[in-house]
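The values are calculated or read from the model by the stated rules, or taken from the named source; none is laboratory data. Note that this is a predicted model, so its numbers are computed, not measured. All accessible areas refer to the heavy atoms of the entire protein, side chains included, with ligands and DNA or RNA removed. Shrake-Rupley method; radii C 1.70, N 1.55, O 1.52, S 1.80 Å.
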Amino acid sequence: MELWGMRKVLGLGGLLGPAVCLLLFPQISRQHLVLSIATVGLALMLSTLVSVSVLATPLDIAGPKTSSVFFSMSNSLATVPGFLGVQVTGMLRQHYGWPAAFASCSALYVAA
């Protein structure tokens, strides 16, 4: 498999895998604590697969001379969802409960 194909496969696994895990997590009963922890752990482990495609993109787009500037600008913009996401998750949890909060995270993984 060529490089672009491998990046696409790993990127897809890194987005859809956690989405499925986060949809399953609220459905697990409280008696199955180990399964709950394993589901969240699996979501975190699978989300690292997307790094293969995301971290190489600035080099592909901007080239070796300016990729560091492009990467730093994209990282700066990527902090905005970190601020807004906490507020939105809090509102979702307060009005609709935890399943809605996890479903919104799952939807963002699928949309990405």
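Relative contact order, whole percent, for the chain stands at 37, derived from Cα pairs under 8 Å and 6 or more residues apart. Given in Å, the Rg to one decimal and the Dmax to the nearest whole number for the Cα atoms of region 1-108 are 16.8, 54.
When the surface is traced with a 1.4 Å probe over the full set of protein chains, Phe25 keeps roughly 50 Å² accessible. Per-residue 3J(HN,Hα) values for region 86-98, derived from phi via the Karplus relation 6.51 cos²θ - 1.76 cosθ + 1.60 with θ = phi - 60°, read 5, 5, 5, 4, x, 5, 4, 5, 5, 8, 10, x, 5 Hz in sequence order (x marks Gly and Pro).
Among Met73, Met45, Met91, whose mean-square fluctuation peaks in a Gaussian network model of the chain (Cα, cutoff 10 Å)? Checking each option, the largest mean-square fluctuation is seen for Met73. Sorting Cys105, Cys21 by solvent-accessible area of protein heavy atoms yields Cys105, Cys21, largest first, with a 1.4 Å probe. Computed over protein heavy atoms with a 1.4 Å probe, the carbon and sulfur contribution to the accessible area of region 27-79 reaches 72%.
If the segment from Leu33 to Thr79 were pulled out straight at 0.36 nm per residue, it would be longer than the present Cα-Cα gap by 13.4 nm. When both region 6-20 and region 24-38 are represented by their alpha-carbon centers, they are found 22 Å apart.
Here the sum of -39500 (n - 2.57) over DSSP H runs of 4 or more residues, divided by the residues of the chain, equals -27500 deg cm²/dmol at 222 nm, to the nearest 500. Ordered by 1.4 Å accessible area with all protein chains kept, Arg7, Arg93 run largest first as Arg93, Arg7.
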